[in-house]
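Working notes for the structure below.
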Amino acid sequence: MSATALVLDQLLETSVVGSFTRVGYDARRRLFHWTAASSMLEKSVLITGATSGLGLESAITMAKLGASVHFIARDETRARSAREQILAASTSGEVEYLVADMSDLHSVRDVAERMSARSERLDVLVHNAGAIAPTLTFASDGVEVTLAAQLLGPFLLTQLLLPSLRAAAPGKVVTVSSGGMYTQRFDLARLTNGVEPYDGVETYARVKRALIVVNHEWARRVPAREVVFATMHPGWVDTPGVRSSLPRFHRVMGPLLRSPAQGADTIIWLAADAQLAASDGDFWLDRRVRSEYKVPRTRPTNPAADQVELWEWCVARTSPPETLSP
Ligand SMILES: NC(=O)c1ccc[n+]([C@@H]2O[C@H](COP(=O)([O-])OP(=O)(O)OC[C@H]3O[C@@H](n4cnc5c(N)ncnc54)[C@H](OP(=O)(O)O)[C@@H]3O)[C@@H](O)[C@H]2O)c1
């Protein structure tokens, strides 16, 4: 890695817009001479939210690389259509889906059970499903839907699939966060009680920050030789989700937005290539570990205490089968 490449990469990172758009992706791909992701033959992956955008792109590419692809979708018709697209690219011929809404902990338990019965070993779990809720909506257990679908559902799914991930030692868990989390400081009370009036974008950003916090605690509680944990953000990507949730942003950024393949690149690379053990618990963009803070006010005073507090809240809400001591 040349010093010039590192300096240019850092300049991009500081600029935010340069980093998050396709400008950053293209520059880094050239600067660091990225190669295609490695074969995933004999690897099994489970991806949430693979009916659209980054999840669909990741599933298609991993299927091309030879992985057995399982995915979770909340809608049967959309799942069937995604399966056809993924199967058309697959070299292993193994593409299966499970139907569950990630905000519903009962259905998360159900799919985890079916997934464990289907395959004893799980090499990679990708928590990708995500959306911005336009109005205050509650999941079946009374938790705000963004928090339920993107923090509690994935937390429980990881817990339930730990034996399968351990069987792949080291299994990998890749969680898709968002650059939006840079705007938020972790605060459990604001995260769990919400703020008035409801703001879907801010709620989403708070949940995406919480994913970074809980990921560190996963890495602390589960030895890296068993399972390694990574969070990443894809930059700003032209997906159906962005088009429908942030139409003005989509119009303004237009041609600067990344393609789904560019946004999904680091998800796929982390799944297929990266030797994550040395950076267990870290946060990635464009194949490199990145700082988790861009704004001083978002820095925590006691990150270790935040992690434990959030972990305990997730445990209390999901009643997982295993007590993982710190
Ligand atoms: N695009 C970006 O610029 C960007 C930037 C930062 C982070 N991200 C993150 O990247 C991930 C993928 O987003 P995307 O842009 O690809 O959006 P997308 O095109 O809307 O895809 C989101 C996927 O998640 C699924 N999903 C949403 N809520 C779900 C739930 N409760 N249960 C099960 N599945 C659910 C959707 O299913 P349906 O098809 O049924 O709706 C869809 O498959 C999200 O976590 C998002 O926060 C995206």
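All of the numbers you see were taken from the coordinates with simple rules; none came from a lab. These numbers were taken from a predicted model, which means no experiment stands behind them. Positions of Cβ are backbone-derived with ideal geometry, glycine not excepted, and every protein chain shown enters the neighbour counts.
Quick look at the values:
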{"read-out": "Contact order normalised by residue count of the chain, Cα under 8 Å, 6+ apart, percent", "value": "19"}
{"read-out": "Most mobile of VAL252, VAL124, VAL173 in a GNM of the chain (Cα contacts under 10 Å)", "value": "VAL252"}
{"read-out": "Local net charge near HIS127, Cβ-Cβ under 13 Å (Lys/Arg +1, Asp/Glu -1)", "value": "+2"}
{"read-out": "Inter-probe distance in nm under a simple model that places probes 7 Å from Cα toward Cβ, at ARG80 and PHE32", "value": "4.1"}
{"read-out": "Global form of the chain, assessed from the alpha-carbon gyration tensor, a/c cut-off 1.5", "value": "rounded"}
{"read-out": "Distance between modelled label sites at LEU6 and THR323, nm, 7 Å Cα→Cβ extension", "value": "4.5"}
{"read-out": "Per DSSP, loop GluC sites (Glu not before Pro) in the stretch 116-218 with at most 13 further Cβ within 10 Å", "value": "GLU120"}
{"read-out": "Distance between the stretch 35-101 and the stretch 172-223 - C-alpha centres, whole angstrom", "value": "26"}
{"read-out": "Loop-located GluC sites (Glu not before Pro) in the stretch 272-322 whose Cβ has at most 15 other Cβ within 10 Å (DSSP)", "value": "GLU322"}
{"read-out": "Cβ-derived FRET efficiency at R0 22 Å, LYS294 paired with ALA189, nearest 0.05", "value": "0.45"}
{"read-out": "Sequence-distant residues sharing a close amide H with ILE72 (under 5 Å, placed H)", "value": "ILE47, THR48, GLY49, ALA50, LEU98"}
{"read-out": "Distant-in-sequence amide H partners of LYS172 (H built 1.01 Å from N, under 5 Å)", "value": "VAL124, LEU125, VAL228"}
{"read-out": "Distance between modelled label sites at GLU113 and THR137, nm, 7 Å Cα→Cβ extension", "value": "2.6"}
